[in-house]
1. When you scan region 67-84, do you find a residue that is touching a helix residue (DSSP H, G or I) at 6+ places or on another chain (Cβ under 6 Å), in a loop (DSSP other than H, G, I, E, B) and closer than 16 Å to Pro136 by Cβ, even just one?
2. For region 154-163, how many residues meet the condition of being open to solvent by less than 40 Å² (accessible area, probe 1.4 Å) and either part of a loop (DSSP other than H, G, I, E, B) or under 19 Å from Asp50 (Cα atoms) (or both)?
3. Identify, from the list Asp8, Asp39, the residue that is open to solvent by 50 Å² or more (accessible area, probe 1.4 Å), modelled with pLDDT of 85 or more and more than 30 Å from Gln188 (Cβ to Cβ).
4. Considering only residues of region 122-152 that are surrounded by 15 or more Cβ atoms within 10 Å (Cβ to Cβ) and in contact with a Pro (Cβ under 8 Å, 6 or more places away or on another chain), which is nearest to Val30 (Cα to Cα)?
5. Looking at this structure, is Gly166 open to solvent by less than 80 Å² (accessible area, probe 1.4 Å) and farther than 21 Å from Leu95 by Cβ?
6. Tell me, please, whether a residue that is closer than 21 Å to Ala37 by Cβ, of a type in the set (S, T, N, Q) and not in a strand (DSSP E or B) can be found in region 176-195.
7. Could you tell me whether Asn91 is open to solvent by less than 40 Å² (accessible area, probe 1.4 Å), in contact (Cβ under 8 Å) with a residue 40 or more places away in the chain and either touching a helix residue (DSSP H, G or I) at 6+ places or on another chain (Cβ under 7 Å) or closer than 30 Å to Ser48 by Cβ (or both)?
Amino acid sequence: MPSEVKSDMLDGAAVRTLKHCPPILDAMGVGVLIPLACDLTVAGGEMSWDWNPPVLPDTLFARAPIGLHVPEQATGAPFGVTDGMIVKFLNFWTLSVPDGFCLLFTHPLNRPDLPFRTLSGLVDCDSFADGYVHFPTLWSDPAWEGVLPAGTPVVQVVAVPRAAQGLSVQPMSAAEVARNHDVQVALQDDRGIYRK
């Protein structure tokens with residue numbers, strides 16, 4: 001991504017791109033990205049792969065990179081499955097966190113370019129560290145055909161504390177308003193204020 005581009009709306013003036021936005025970059029890099037295990041070909045309404053993983057005699061694990069849920073399993077869900085299956089990307093790693101933490105599994109942040117949308121789930125991986133967590137996804141672009149290459153991020157995993165979290169909402173004091181004003185002025189006058 002370039003650092004600056006010319007804006008047609010601003011008569012060719014140079015503007016900074018999102019590359020200058022640490023919150024977006026930090027969100028994309030937080031936690032762990034779990035990749036697709038092998039190339040997945042989508043053509044003619046079918047998914048296929050050419051992959052020969054080793055046989056693991058001590059596991060009941062499927063040797064396919066994907067599974068599925070039938071649409072009826074999402075009956076009444078707010079994300080609306082209207083047709084087709086819910087594709088489930090299979091995960092080949094166990095994950096653990098310290099006591100008191102969960103893992104939030106979600107669609108890779110800021111990645112609307114992917115032809116699927118991974119459903120979010122929160123798993124108590126402090127106590128469920130020996131099992132596999134798989135990732136149900138909605139195929140958001142039914143017309144998409146091609147190859148999703150091995151290594152495509154299919155889920156982003158972020159550790160979060162299990163304890164209830166909340167925000168304190170209250171009016172700003174005069175000193176807080178003044179500090180807020182100073183930050184807004186600095187953001188307009190100087191590059192990299194947030195990063196500094």
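1. Checked region 67-84: at least one residue is touching a helix residue (DSSP H, G or I) at 6+ places or on another chain (Cβ under 6 Å), in a loop (DSSP other than H, G, I, E, B) and closer than 16 Å to Pro136 by Cβ.
2. Matching residues across region 154-163 total 1.
3. After applying the criteria, what remains is Asp39.
4. Thr152
5. It is true that Gly166 is open to solvent by less than 80 Å² (accessible area, probe 1.4 Å) and farther than 21 Å from Leu95 by Cβ.
6. Checked against the condition, which is being closer than 21 Å to Ala37 by Cβ, of a type in the set (S, T, N, Q) and not in a strand (DSSP E or B), region 176-195 yields no hits at all.
7. In short, yes.
The values are calculated or read from the model by the stated rules, or taken from the named source; none is laboratory data. Since we're looking at a predicted model, the values are computed, not measured. Every residue, glycine among them, receives a Cβ derived from its backbone with ideal geometry; neighbour counts consider all protein chains shown. Protein only, heavy atoms only, side chains kept; ligands, DNA and RNA dropped before computing areas. Shrake-Rupley method; radii C 1.70, N 1.55, O 1.52, S 1.80 Å.
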